[in-house]
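What follows is a single structure, and I will ask about it in a moment.
Derivation of every value follows stated rules applied to the coordinates shown; laboratory data play no part. Note that this is a predicted model, so its numbers are computed, not measured. Neighbour counts are summed over all protein chains in view; Cβ atoms, including those assigned to glycine, are modelled from backbone coordinates with ideal geometry.
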Amino acid sequence: MTLPVAPEQPMTGQEHSLPWNSVWLLSAKASQMGLAFLFWVVAARTASVTEVGVAAASVSAVILSTQLGILGAGSAVIIALGEGQDRRRVLDTAFSTVAVASLVAAGAYLLFTGLVAGGALSSTRTAPFAVVFLAAALLGTVLMCLDQVSIALQHTEGAAVRYTLAGALALVAVLGAAAAGRPMTAALLLTCWTAGSAAALLLGVVQLRRWVGYRFRFRLRPRRVRALLRLGVPNHLLTLSERLPAVLVPIVLAYVVSAEAVAYWYPAWMMAWLALTAPVSVGMIQFADIVRRPDAVVGTIRQGLLWSTLLGGAIFLMLGVGADFFLTMLGESYADASVTALRLLSLGLVAFIALQAYNAYCRAAGRTAEATAVGVLVVVAVTAGTALAGAAGTAAVAQVWVGSVSVGALVAVVRLRRLLRVGGER
């Protein structure tokens, strides 16, 4: 199969290489995750394990809502702007669509938890919590779309600034609440987290105005929404298959095992995800580069594999060496429960890199259905395995994730080699 040739387009920002864009995007996520880790250190030191677990499960539910609400709009923006479509109409339609969809997704989750939540999770069934949860989902989804808009506009450095501000403000908020002697409930922790997202979105508005003179107008014209969804939904389903295991595991643990199990799993996964963000970030840059330069697919994939390994491997090496130190910052009980899981998760890096490279190619080549099928198998395996093995502890959950991703990666490598060979890609 031969990839379509993209038309020549004037650059919307400064031309950056794949490594440069990848480093900027990874810097954004590293800043976000690093400051988030300090946020959870404060939470673990000032709140009970149960409240931390409920808060972590709630944040995972927010992320689930954003993953459902994004509807592939960010990927659609990358494709549409790469094809030279009108920038203002594309961005207005994308941001308006994800705003509405995120509120619908978050509302559905609140309805679900209101019907089935019990025990420690019953504290989430209050009106103030619902308001904060809806706001967190809305802000998070628009920010996710903005990340991919930044990729399309060749301004990935903006994401690093946004997430640094978000993480810093959330950390200041939780420190302030602790210093004021407020009871550190799950609802308060989620509120502090959401404050950071609000600041990041305000900064994003300023950035878009400075970069391209863009000002948002709410547009939900059916024809344009359908066009956006035709591009976005296939990519969205693939993205869901990539990201759902990360957000479903804490939720499954909360409902099947306990809030305490979530509290002990979440720090290990959060630190591992910092390293796994490297192939995720590089994969999105690969996708955008293949759309812009379809005649250099193999070179782009090889470069992406190299940089994913270098960046992700360096982070995992640091985390592996310092695992005891980092986790002890949260408390001895967290370190005892999570350090083995963190080290086990590092074994899945190579497999995760292979999956991201395969998915990037399939996005650009219009083969999202087959990549999604592989991803769905991984989702099912991780979710079912967590439900069955979760009670055995965090190490068992880590083994489930590594095994599931490894099987998916094996299929991905075989398919990618065949697709490149048959297509005669250069």
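Quote the relative contact order of the chain in percent (integer), defining contacts as alpha-carbon pairs under 8 Å separated by 6+ residues.
Relative contact order comes out at 25 percent.
Related question: Can you pull the semi-axes for the chain, root of five times each eigenvalue of the Cα gyration tensor, sorted largest first, whole Å?
33, 25, 20
Pick from Ala354, Ala99, Ala108 the residue whose mean-square fluctuation is largest in a GNM of the chain, springs joining Cα atoms under 10 Å.
In this elastic network of the chain, the residue with the biggest mean-square fluctuation among Ala354, Ala99, Ala108 is Ala108.
Here is a follow-up. Top mean-square fluctuation among Ala351, Ala371, Ala57, Gaussian network model of the chain, C-alpha springs under 10 Å?
With Cα springs under 10 Å in the chain, the top fluctuation among Ala351, Ala371, Ala57 is at Ala351.
Please build a GNM for the chain, connecting alpha carbons under 10 Å apart, and tell me which residue among Val321, Val98, Val262 fluctuates the most.
Val321
Sticking with this structure for a sec: Within 10 Å, at most 14 other Cβ atoms, and a DSSP state outside H, G, I, E, B define an exposed site. Report the longest part of the chain free of exposed GluC sites (Glu not before Pro). Walk me through the numbers on the way to the answer.
Numbers: sites that count: Glu8, Glu15, Glu83.
Excluding the exposed sites themselves, the longest stretch runs over 84-426.
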